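**Student:** Before we start, here is the structure in question, set down as C-alpha cells.
The values are calculated or read from the model by the stated rules, or taken from the named source; none is laboratory data. Being a predicted model, the structure only gives us computed values, none of them experimental. Glycine gets a Cβ as well: all are built from the backbone with ideal geometry, and neighbour counts include every protein chain shown. SASA here: full protein model, heavy atoms, side chains in, ligands and nucleic acids out. Shrake-Rupley method; radii C 1.70, N 1.55, O 1.52, S 1.80 Å.
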Protein chains: 2
Amino acid sequence: MTDTDTVTKVEDAQIAALELAQTTNEQRSEALRSLADALDDNRSAILEANARDVDEAETMLEQGEYSQVLVDRLKLDDDKIDTIIEMVRSVADQDDPLGETLEARKLDDGLELYKVSVPIGVVGSVFESRPDALVQIASLSLKSGNAAILKGGSEALHSNRVLYDIIREATADLVEGWVHLVEAHEAVDAVLEMDEAIDLLMPRGSTEFVRYIQDNTKIPVLGHTEGVCHVYVDVAADREMATDVAYDAKVQYPAVCNAAETLLVHEEIASEFLPAIAEEYEAAGVEMRGDERTRSILDVDEATQTDWQTEYGDLIISIKVVDSLPDAVDHVNSYGSKHTETIVTDNAENADVFMQGVDAASVFHNASTRFADGYRYGLGAEVGISTGKIHARGPVGLDGLTTDKYYLEGDGQRVASYAGPDATQFTHEPIEGDWDPGRLSDE
Amino acid sequence: MTDTDTVTKVEDAQIAALELAQTTNEQRSEALRSLADALDDNRSAILEANARDVDEAETMLEQGEYSQVLVDRLKLDDDKIDTIIEMVRSVADQDDPLGETLEARKLDDGLELYKVSVPIGVVGSVFESRPDALVQIASLSLKSGNAAILKGGSEALHSNRVLYDIIREATADLVEGWVHLVEAHEAVDAVLEMDEAIDLLMPRGSTEFVRYIQDNTKIPVLGHTEGVCHVYVDVAADREMATDVAYDAKVQYPAVCNAAETLLVHEEIASEFLPAIAEEYEAAGVEMRGDERTRSILDVDEATQTDWQTEYGDLIISIKVVDSLPDAVDHVNSYGSKHTETIVTDNAENADVFMQGVDAASVFHNASTRFADGYRYGLGAEVGISTGKIHARGPVGLDGLTTDKYYLEGDGQRVASYAGPDATQFTHEPIEGDWDPGRLSDE
C-alpha cells in the first residue's frame with residue numbers, strides 16, 4: 001500500500017460522508033444492529049484471525065519485542081466478543097446526536113434561522129493493539145453520521161482485517177465507502193498530514209502515543225494525555241469521608257487517568273489524618289512519597305519535584321502538607337493536568353473557593369476523582385475524555401462528534417433592505433419549534 | 001524585546017486568567033464601561049498617536065511599500081472612536097456568556113453533576129493594521145473572562161500602544177496582567193509556538209494572513225479563510241426572487257466573505273433567467289464569466305477551472321448552467337468553501353435536497369448569502385466567522401470564547417460502591433435547577 005492509496009481512501013470517505021449525513025437515525029441504528037449480528041455470526045473467523053495475531057505476538061514476546069500487557073490486550077475470546085457486540089447494540093440504542101435544534105430565531109417575518117447538530121464529516125483514528133477499539137470507533141462514527149478512517153497497529157493486523165470486513169459488509173446497504181482501514185506504517189503519516197480532508201482525530205492508546213499524534217498533525221485531536229489528579233483534604237474535612245475518598249481515588253483502579261496521583265493535606269489536620277490514610281494505603285500496597293512535613297509524620301520516601309508532575313498510573317501516591325486552601329489551589333493549578341480535582345470539606349465556602357479557583361475539566365466536592373467518566377456522568381456512549389479545552393472538554397459523549405449547521409428559511413430577502421438609512425430592523429425573536437428536515441416537503 | 005519577554009507576558013496572563021475566571025459579569029461589564037469612558041477621555045492622545053502612524057504610513061505609501069487601503073484602515077477619527085466606544089459599551093451590555101448551566105444530572109442521591117460554561121483561559125490575537133481590532137478583541141476577551149495576548153501590526157505601533165495603555169489602566173482595578181501587548185516581529189513566532197499556554201487564537205486580517213497563522217501554529221484558530229459562496233437558481237425558482245437574491249448576494253457588498261462568487265442556474269430556465277440577471281449585473285458594473293452554456297446565452301468571457309474556486313471579493317461573478325439539482329449540489333460540494341450556500345426555489349422538496357446535501361456552515365432557502373453574519377443572526381457581539389468545523393462553526397458569538405467545566409457535588413461517594421457484583425446503580429435523573437457558584441456558602 002502506498003500513500004496514494006490512503007489519499008484515495010480518504011477521498012472516498014469524504015464522498016461517502018455527504019451521503020451518510022443524509023441518513024436517518026433509524027437507518028444508522030439498523031446498520032449497527034446488523035453489525036452486531038454479523039459479529040455474532042462470524043465469531044470463529046474473528047477468533048481464528050486473532051489467534052494468528054496472538055501467535056505472532058507471543059513469538060515477539062519471547063524475543064523481548066512485545067510486552068505481556070500488549071499480548072493480553074490483543075487477545076480476544078468469546079466473552080470479549082460478547083462485550084463488543086453489547087457495546088455495538090448499546091451505541092445503536094443511544095439517542096440520535098444529529099438533527100438537534102440548538103438555537104432557533106426569527107430574524108424577521110418570513111426569515112427563520114435554525115442551528116442544528118450535524119456530523120463533522122470524516123473522523124480518523126489511529127489506535128494501538130486492542131482490536132475492540134476498531135469496532136468501537138467505527139460504531140461511534142456511524143451512529144453520529146461520520147465517515148471513518150481507521151489505522152490499527154500491525155500486531156492486530158489479522159484481527160483488524162476480519163473485523164473491518166465484517167463492518168464494511170454489514171453496513172454496505174446503508175452507504176458504501178464510509179469506513180476504510182489503512183495498514184501500512186507510512187499510512188499513519190499520510191493520515192496525519194491530511195488536515196484538509198480529515199476533520200477530527202480520535203487516537204486510542206497510551207499517553208505517549210496520544211501526545212505523539214498531537215505533536216505530529218494539524219488535525220484537531222479529541223483525546224486525553226495524562227491525568228495528574230489531586231485529592232485535597234481540607235482543614236474542615238470529615239476524617240472518615242476524607243479517608244474514603246482518598247482511598248478510592250488512588251486504589252479502586254490506579255491504572256486510569258482519573259485516579260489520584262497526589263494527596264494534599266491541610267497542615268492543621270495532617271498529624272491526625274495522615275496516619276489513618278497511611279494505614280489503609282499500606283494495607284492496599286500503596287507506595288507513599290512525601291514532602292518534608294509529611295515525612296515528619298510518616299516514615300516514607302521523599303517526594304521530589306518530579307513526583308508532583310508524574311502520572312504514576314500505579315499504586316504510588318505523592319503526599320504534600322499545605323499551609324492553606326489557597327496553597328492547595330496553587331499547587332493544583334501549578335502541577336495538575338486540568339483533568340479532575342476534588343476537595344473534601346464540610347465547609348461550604350472552602351468548597352466554593354476550591355471549585356471556582358481550580359482550572360480543570362472536572363472539579364468535585366466530597367467525591368472520588370474516579371467518577372470522571374462518560375458512563376458515570378450519564379453521557380451514554382463515551383467518545384473519549386478530552387484534556388483539551390477547545391471543542392470538547394472532560395468526558396465526551398456522541399455530541400463531541402457533531403458540529404453545527406445554520407439553516408435559514410426566507411422568502412427572497414435581500415440584505416440591502418436591512419442596511420442604510422431606511423433599514424428594516426431585525427426582530428430576533430425566539431422560535432419555539434425545532435428544525436424539521438422534511439418540513440418543507442410536507443407542506 | 002526578546003522572546004523571553006513574550007514568554008513572561010504569557011505566563012503573567014495565565015496567572016491573571018485564573019483570577020479573571022472568578023470575577024462576576026457585573027464586575028467585568030463595569031470594567032468595560034470604565035474602558036469606554038477612558039477611551040472618550042483620551043481622544044486627543046489616541047488621535048495624536050494615530051496621526052504619527054498615519055504620517056509614517058503615508059511615507060511608506062509614497063515609497064510604494066503600503067497600499068492606500070492599508071492607510072485608510074489605519075486612520076482613526078472622532079467618528080471611528082465613537083464607533084469603538086459604542087462597541088465596547090455594547091459588549092458590556094451583552095448577556096453573561098459564563099456560568100451558564102449546560103447540563104445538570106443527578107448521578108445518584110446526593111451526587112449532583114453540573115456542566116457549566118467557563119472561560120477558555122488565555123486567548124491570543126494577531127491582527128493587521130486596524131487599531132480598532134485591538135480594542136474589540138480585548139473587550140470580547142474581558143467580557144468572556146479570558147486573558148488576552150495582543151500582537152498588532154508595526155504600522156499601528158503608536159496607536160496600539162496608547163489604546164493598550166488605556167485598556168490596561170481602565171481595567172486594572174478588576175484584575176492586573178490580564179492583557180498584554182507584544183510588539184516585536186519575532187514575538188509573533190513566540191506566540192504561535194506557545195500552544196501549551198495559549199488556548200485559542202483569533203487572528204484578524206486577510207485570508208492569506210489567517211491562513212499563514214493556521215499553517216504556523218498548533219494552537220486552535222478561530223477564524224475564517226475564504227468564502228466561495230454560491231447562489232443556485234433552481235428550475236422551480238421565482239424569477240424575480242432569483243434576480244433579487246443573486247443581485248444582493250453579489251452586489252450589496254462584494255468585498256466580504258459571505259458575498260456570492262458563483263451563480264449556478266438550472267438549464268431549463270437559463271435562457272430566460274440569465275439575460276434578466278445579466279442586465280442587472282451589467283448596470284451594477286459586475287464582470288461576468290461563464291461556462292460554455294452560459295456563453296451560448298450571454299456574451300461574456302470564459303470561466304476557467306480557477307474561477308470556480310476563486311473568492312473574487314470584487315464585482316466579478318462566475319456563472320455555470322447545471323443539468324440538475326444534484327449537479328448543483330455536487331458543484332457546491334466540490335468547489336465551495338463550506339461557508340454559505342443558498343438555493344432559490346418554490347419547490348419545497350428541492351430546497352430540502354439542497355439544504356441537506358450541501359456541506360456548509362450556513363445553508364439558505366430563498367435568502368441572500370449576505371445574511372450569514374453574527375449581528376444579523378442575532379448572536380450579539382460577533383467573535384468571528386469560523387470556517388472550521390471544530391469548536392465553533394459559522395458566525396460565532398461570545399460562547400465561542402467559553403469552554404465547559406463539570407462540577408460534581410457529593411457527600412463522600414466512592415466509585416468502589418458503584419462497581420463489582422453488588423454495584424449501586426446510577427440513577428442519572430435530570431436536575432431542573434442551575435449551578436449556583438455561591439450555593440454552598442449560602443446554605
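**Student:** Filter segment B:58-99 down to the residues that are in contact (Cβ under 8 Å) with a residue 40 or more places away in the chain and not in a helix (DSSP H, G or I) and list them by number.
**Tutor:** B:66, B:76, B:94, B:95, B:96, B:97, B:98, B:99
**Student:** Quick one: in segment A:78-126, which of the residues that are among the basic types (Lys, Arg) and open to solvent by 50 Å² or more (accessible area, probe 1.4 Å) is farthest from residue A:44 (Cα to Cα)?
**Tutor:** Of everything passing the filter in segment A:78-126, A:106 is farthest from residue A:44 (Cα to Cα).
**Student:** Give the residue that is surrounded by the fewest Cβ atoms within 10 Å (Cβ to Cβ), with candidates limited to residues of segment A:280-335 that are part of a loop (DSSP other than H, G, I, E, B) and in contact (Cβ under 8 Å) with a residue 60 or more places away in the chain.
**Tutor:** A:314
**Student:** Something else about it: Condition (residue is surrounded by 15 or more Cβ atoms within 10 Å (Cβ to Cβ) and modelled with pLDDT of 95 or more) applied to segment A:1-9: is it met by at least one residue?
**Tutor:** Yes, there is a match, as at least one residue in segment A:1-9 is surrounded by 15 or more Cβ atoms within 10 Å (Cβ to Cβ) and modelled with pLDDT of 95 or more.
**Student:** Another question, if that's okay. Within the group A:372, A:419, A:361, which residue is within 27 Å of residue B:386 (Cα to Cα), within 19 Å of the chain's Cα centre (by Cα) and not assigned by TED's automatic domain parsing to the domain that holds residue A:106?
**Tutor:** Matching residue, one of A:372, A:419, A:361: A:361.
**Student:** Just checking, does segment B:207-227 include any residue being aliphatic (A, V, I, L, M), within 22 Å of residue B:322 (Cα to Cα) and within 23 Å of the chain's Cα centre (by Cα)?
**Tutor:** There is no residue in segment B:207-227 that is aliphatic (A, V, I, L, M), within 22 Å of residue B:322 (Cα to Cα) and within 23 Å of the chain's Cα centre (by Cα).
**Student:** Let me ask you something else. Looking at the structure I just gave you, is residue A:418 within 8 Å of another protein chain (Cβ to nearest Cβ), hydroxyl-bearing (Ser, Thr, Tyr) and touching a strand residue (DSSP E or B) at 6+ places or on another chain (Cβ under 7 Å)?
**Tutor:** Criteria not met by residue A:418.
**Student:** List the residue pairs whose Cβ atoms are under 8 Å apart, where the first residue sits in segment A:154-167 and is hydrophobic (A, V, I, L, M, F, W, C), the second is not in a helix (DSSP H, G or I), and the two are 6 or more positions apart or on different chains.
**Tutor:** A:156/A:129; A:156/A:130; A:157/A:183; A:162/A:42; A:166/A:42; A:167/A:179
**Student:** To continue, here is another question. Those residues that are open to solvent by less than 20 Å² (accessible area, probe 1.4 Å) and of a type in the set (S, T, N, Q), I need them from segment A:24-57; list them, please.
**Tutor:** Those that are open to solvent by less than 20 Å² (accessible area, probe 1.4 Å) and of a type in the set (S, T, N, Q): A:29, A:50.
**Student:** Report yes if some residue within segment B:162-181 is at pLDDT 95 or above, over 21 Å from the mean Cα position of the chain (by Cα), hydroxyl-bearing (Ser, Thr, Tyr) and over 22 Å from residue B:11 (Cβ atoms); otherwise report no.
**Tutor:** Among the residues of segment B:162-181, not one is at pLDDT 95 or above, over 21 Å from the mean Cα position of the chain (by Cα), hydroxyl-bearing (Ser, Thr, Tyr) and over 22 Å from residue B:11 (Cβ atoms), which makes the answer no.
**Student:** Out of (1) of a type outside the set (D, E, K, R); (2) open to solvent by 20 Å² or more (accessible area, probe 1.4 Å); (3) under 33 Å from the mean Cα position of the chain (by Cα), what's the single condition that is false for residue A:275?
**Tutor:** Looking at each condition in turn, residue A:275 falls short on (3).
**Student:** Residue A:112 is checked against (1) farther than 21 Å from residue A:168 by Cα; (2) part of a helix (DSSP H, G or I) and fails just one. What number does that condition carry?
**Tutor:** Single failed check for residue A:112: (2).
**Student:** Please enumerate the residues belonging to segment A:365-397 that are within 7 Å of chain B (Cβ to nearest Cβ) and farther than 23 Å from residue B:14 by Cβ.
**Tutor:** A:365, A:366, A:367, A:368, A:370, A:371, A:376, A:377, A:378
**Student:** Let me ask another. Within segment A:356-375, can you find the residues that are surrounded by 24 or more Cβ atoms within 10 Å (Cβ to Cβ) and in a helix (DSSP H, G or I)?
**Tutor:** Across segment A:356-375, the qualifying residues are A:369, A:370, A:371.
**Student:** Of all residues being in contact with a Ser or Thr (Cβ under 6 Å, 6 or more places away or on another chain) and assigned to a helix (DSSP H, G or I) in segment A:205-226, which is most open to solvent (accessible area, probe 1.4 Å)? Just the residue, please.
**Tutor:** My answer is A:211.
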